[in-house]
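Below is one structure; the comments refer to it alone.
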């Protein structure tokens, strides 16, 4: 009976040792998984930083490009890329480009900007309003130029100069701006 009791004790010890090993292996698996996830997060972060650097370089390049030419390029590139570059540009220089971008394409770019995680809701809304033309800048009431207005003008200001509107790629009507020109006698 004694050998059977010893045998049972050995089996119990082995079972306990195996359970301890299983716990250690599970702990190591968990630690390894956590480290792998941390490494993946670092890689993603590094990729985002690298991508951000590339977009910043492109933004600087397009800031130096004449707005009309930059607009033509932005109209041809993928909306997401255009949005990412615009987000990193100086706002005044980007604004100059927006003036030349086709409205429909501009709205597509704005949709990308508003879906970007790097833009807060207020900025996204402001950009969307500016591009769509809705509630952007309420134009002052246009003053009609009539014969009476011109006839009643001061003799020095009787000649008017017609200036061309800024080039626009939108399908909206173009408006001629008339401003008085002083007579040089």
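Just so it is clear, none of the values below were taken in a lab; they were calculated from the coordinates. Being a predicted model, the structure only gives us computed values, none of them experimental. All Cβ positions, even for glycine, are placed from backbone atoms using ideal geometry, and neighbour counts span all protein chains on display.
Largest first, the three principal axis extents of the alpha carbons in the range 1-66 are 99, 7, 6 Å in whole numbers.
Inter-label distance, residue 103 to residue 8: 9.1 nm, where each label sits 7 Å from its Cα along the C-beta direction. When peptides 21-31, 50-60 are sorted by average Cβ neighbour count within 10 Å, with the highest value leading, the order is 50-60, 21-31.
On full extension, the segment bounded by residue 78 and residue 28 gains 13.5 nm, given 0.36 nm per residue less the C-alpha separation. How many percent of all Cα-Cα pairs in the range 1-111 sit more than 21 Å apart? In whole percent, the long-distance tail amounts to 60.
The order of the peptides 7-17, 82-92 by mean Cβ neighbours within 10 Å, most packed first, is 82-92, 7-17. With the simple model of a label 7 Å out from the Cα in the direction of the Cβ, residue 19 to residue 36 spans 2.8 nm.
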